[in-house]
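The values are calculated or read from the model by the stated rules, or taken from the named source; none is laboratory data. Owing to the predicted nature of the structure, the values given are computational and were not obtained by experimental measurement. Glycine also receives a Cβ, built like all others from the backbone with ideal geometry; neighbour counts cover every protein chain displayed.
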Amino acid sequence: MEKPLTEHIKNDNTWLSLKEYKKVGGYEGLQKALKLNPEEVTNIVKESGLKGRGGAGFSTGTKWSFVPMGDDVPTPKYFIANGDEMEPGSFKDRLLLEGNPHQLIEGMIIGSYAIQARYSYVFLRWAYHHAAKAISSAIQEAYEAGYLGQNILGSKFNLDMSLHISVGRYICGEETALLNALEGKRANPRTKPPFPVVSGLFGKPTVVNNVETLNNIPHILNKGAEWFKGLSKTDEGGTKLYGASGRVKKPGLWELPLGTTLRELLEVHAGGMQDGYKFKGVLPGGGSTDFLTEEHLDVPMDYASVGKAGSRLGTGTLIVLDDKTCTVGMLQNLEQFFAQESCGWCTPCREGLPWTAKLLDAIEKGKGKMEDLDTLTFQTHYMAPGNTYCALAPGAMEPLQSALKYFKTDFEKHIHEHKCPWEQ
């Protein structure tokens, strides 16, 4: 669809009821899944090419296939939807949760059947109050209709589902920190291996998938892997929810074929830049991705192509930087957020992020030195992948390292002029 999803939600108290969802094919995918064996369901999802929409872009079906199966496997197994959407600039999962909660629930039931999970949880960001009401209502309807509970739809498959409202923090979106939070512990990441698919929630096999990822599952089971692959402009299957914020004429969210170009997103769907502003750069997948610039406008927005361009598709929600917004100020705001949200578990993240934010603040206020740029560059290597306990700090370094690459003169102007050049 090309209209923002907000246009399909009539008011703040409206989401698709079970009756309305079934009118448009709801739970038909589940009925088909229950007629197959679990391995066949996993293979269909694998063949569809669906990749995780939470940012990592890993094959969903492959992830499910890593869950040990058989009578001698530790039980119960768990299946979790990650709705802790706290990535700066990202708001795609929120509209799915608020507009069509049964689509998520059906996807979770199918995924639970595929790995033979006994319990499932929707892990939800604390601030999503309206989404919490929608999910709670839909879970109750699903129980009453026999889609949850004992012997679902006359099968021998049993599944219970609960809503867990998170107490917050960005780190809760990291899957192992999420598991600790769900267990009532401090939300610190866990050492991997073992991976959650082998030893997750309470030490049992667990799958954690993003909300948008799971919303695709019912349609894949209902219409088939080839149909899903045909929706895309690339060999990575399906559609994608793309968003845009910043000084564009029509900020919003659109469901479009995976592989839609950055230029089409910005110029057609987002309406181009507002009058009086020029495009300078964009974070293509939320706050923890590398900048892309004008030379990248014709890059297809799929995982492989954006990766080759030097960034990540991430959540697919664009944060647009214009020529009248201070690059250093934008970076300082982002790095301050990441520093605040660090769990403090590892030294590079705990010490490096506040240091980075402090240096950027000094540069923004005209108190920076040229050697500070060397220190910032050092930080991007010090907190690179493999040097920290999880991906929070490496993600935080992505916008900084690319800003130093593409917009270094902006930093130098602050230092030479002893003030922010964008100050009025």
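See the values below:
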| read-out | value |
| --- | --- |
| Within the range 171-235, helices (runs of 4 or more DSSP H) holding 2 or more residues that are buried (at least 20 other Cβ atoms within 10 Å of the Cβ) | 175-182, 211-223 |
| Residues of the range 251-269 satisfying the condition of being touching a residue at least 24 places away in the same chain (Cβ under 8 Å) and more than 23 Å from Gly310 (Cα to Cα) | Gly252, Leu253, Trp254, Glu255, His269 |
| Extreme residue, modelled with the lowest pLDDT, among residues of the range 117-174 that are out of contact with any Ser or Thr (no Cβ under 9 Å at 6 or more places or on another chain) and acidic (Asp, Glu) | Glu174 |
| In the range 83-116, the residues that are charged (D, E, K, R) and either assigned to a loop (DSSP other than H, G, I, E, B) or closer than 15 Å to Asn222 by Cβ (or both) | Asp84, Glu85, Glu87, Glu106 |
| Boolean, Thr375 is within 28 Å of Ile171 (Cα to Cα), β-branched (Val, Ile, Thr) and assigned to a loop (DSSP other than H, G, I, E, B) | no |
| Some residue of the range 358-366 being under 26 Å from the mean Cα position of the chain (by Cα) and either under 22 Å from Thr176 (Cα atoms) or of a type outside the set (D, E, K, R) (or both) | no |
| Positions within the range 133-151 being surrounded by fewer than 21 Cβ atoms within 10 Å (Cβ to Cβ) and not charged (D, E, K, R), in sequence order | Ser136, Ser137, Gln140, Tyr143, Ala145, Gly146, Gly149, Gln150, Asn151 |
| In the range 143-194, residue nearest to the chain's Cα centre (by Cα) [restricted to those that are of a type in the set (Lys, Arg) and closer than 21 Å to Cys346 by Cα] | Arg169 |
| Residues of the range 217-233 satisfying the condition of being in contact with a Ser or Thr (Cβ under 7 Å, 6 or more places away or on another chain), of a type in the set (A, V, I, L, M) and in contact (Cβ under 8 Å) with a residue 40 or more places away in the chain | Ile220, Ala225 |
| Looking only at the range 369-397, and only at residues there that are in contact (Cβ under 8 Å) with a residue 40 or more places away in the chain and farther than 16 Å from Pro354 by Cα, the one that is surrounded by the fewest Cβ atoms within 10 Å (Cβ to Cβ) | Met370 |
| The range 246-278, residues that are in a strand (DSSP E or B), under 18 Å from the mean Cα position of the chain (by Cα) and closer than 18 Å to Ser90 by Cβ | Gly252, Leu253, Trp254, Glu255, Leu256 |
| Pairs where the first residue, in the range 190-216, is at positive phi and the second is in a loop (DSSP other than H, G, I, E, B) and surrounded by fewer than 18 Cβ atoms within 10 Å (Cβ to Cβ), C-beta under 7 Å, 6+ apart | Phe202/Glu183 |
| Members of the range 260-279 that are surrounded by 19 or more Cβ atoms within 10 Å (Cβ to Cβ) and not polar (S, T, N, Q) | Leu262, Leu265, Leu266, His269, Ala270, Met273, Phe279 |
| Any pair with Cβ under 6 angstrom, 6 or more apart, that starts in the range 133-154 at a residue that is in contact (Cβ under 8 Å) with a residue 60 or more places away in the chain and ends at one that is in a loop (DSSP other than H, G, I, E, B) | Ala134/Trp15; Ala142/Leu148; Leu153/Leu34 |
| Subset tally (residues that are within 17 Å of Pro218 (Cα to Cα) and out of contact with any Phe, Trp or Tyr (no Cβ under 7 Å at 6 or more places or on another chain)) for the range 117-134 | 1 |
